[in-house]
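Worksheet for the structure shown next.
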Amino acid sequence: MSTDRFAKAETGAWIGIIGNVVLAAVKGAAGFLSGSQALIADAFHSASDVAGSFAVLIGLKAAKRPPDKDHPYGHGKAESIAAIIVSVLLLVVGLELAISAVKSIWNGQVEIPKWYALAAIMLSIVAKEGMFQYKYRLGKRLSSQALIANAWEHRSDVYSSIAALIGVGAAMIGGQLNIGWLLYMDPAAGAAVAVLVLHMGYKLVMDSIHSTMDHVLHDEEANPLIRAVQTVDGVITVDELRAREHGHYVIVDVKISVNPRMTVAEGHMIAKRVKNHLLQRFLHVADVFVHVNPFDPGYPYRMQDQVREDTTTLLQ
């Protein structure tokens, strides 16, 4: 919503891009030189994270655009769309890694990895966990679905690196002790990495689709908004409140009841106070639409016909 929010989110995306480029290069070179299938697969996983971070960056820039005629509620859903792109990339990469690992095992193309493969994997685990913690906390603080999805990419890379560590370590032990079947642990670890990537990609796709579709906040999330409206001077009761998610922010539609004897201008002023109060108190609220009703102590128990009979208007 604010310029500061987008600046911090974009900084997080750039940190992911630079970090993943470095890790993909290091793991790719170490995997190629050491002959480790698992490490090469792990390098491709980091490379997919680079594309994912770019998708997040594009989504953030689109979401930063102000509302216009075609998008009166803003462009917040661009972040959710970016998160879907990231998730689909994970699925594609996971499928490719699985096919590659199965081919290596089937064809018996196994090698004994070199020692520096382990060093590259350990570096990856430490770096990716640090990136996950940074982006996840930043995404939560900024309410950015795309950043959170990108953070979980880093966490999945940690899991894949751990699987690669087990596979490479077992293959190296197999080479030292001349145990042939342990050599297959390296491509088997590559297959395990692929399964982890596919699982994470599926989970993120479902979460991102859910965020993209219009849905209201649950009661535990909407109740603080209702309580805040009830504290505004002039509001007798809150008849209804709906908060729709639009990416990182929400749009609030609220119906309030006021004194039926006050003027339209007075009711309008109360509505303005409600809107300003919600916008100032809740950072994730981007806009508020307030509908003012005359308070009826009998509603909803009295029949509407009775209400019309009891109501006196200026035309009568």
Report summary line: Taking placed amide H atoms and a strict 5 Å upper bound, the residues 5 or more places from T237 or on another chain that come that close are S257
Requested in this report: Subtract the Cα-Cα distance of M206 and R141 from 0.36 nm times their separation in residues, and report this length gain in nm to one decimal.
Outcome: 21.2 nm
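Going highest first, how would you order 189-195, 30-36 by mean Cβ packing within 10 Å?
Peptide ranking by packing, descending: 189-195, 30-36.
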Requested in this report: Would you grab the residues whose amide H sits under 5 Å from the one on V232? Only those 5+ places off in sequence or on another chain, please, with H modelled 1.01 Å from N.
Outcome: none
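Let's test the formula: R0 of 22 Å, r as the Cβ-Cβ distance of T263 and D239. What FRET efficiency results, to the nearest 0.05?
0.65
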Requested in this report: Report the label-to-label distance for T231 and L177 in nanometres (one decimal), using points 7 Å from each Cα along the Cα→Cβ vector.
Outcome: 6.5 nm
**Report entry** Length gained when the stretch V92-V22 is fully extended (0.36 nm per residue, less Cα-Cα span)
**Finding:** 23.0 nm
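No value in this document is a laboratory result; all are computed from the given coordinates. Just so we're clear, the structure is a prediction, and the values are computed from it rather than from any experiment. Cβ: placed from backbone, ideal geometry, glycine included. Neighbour counts: every protein chain shown.
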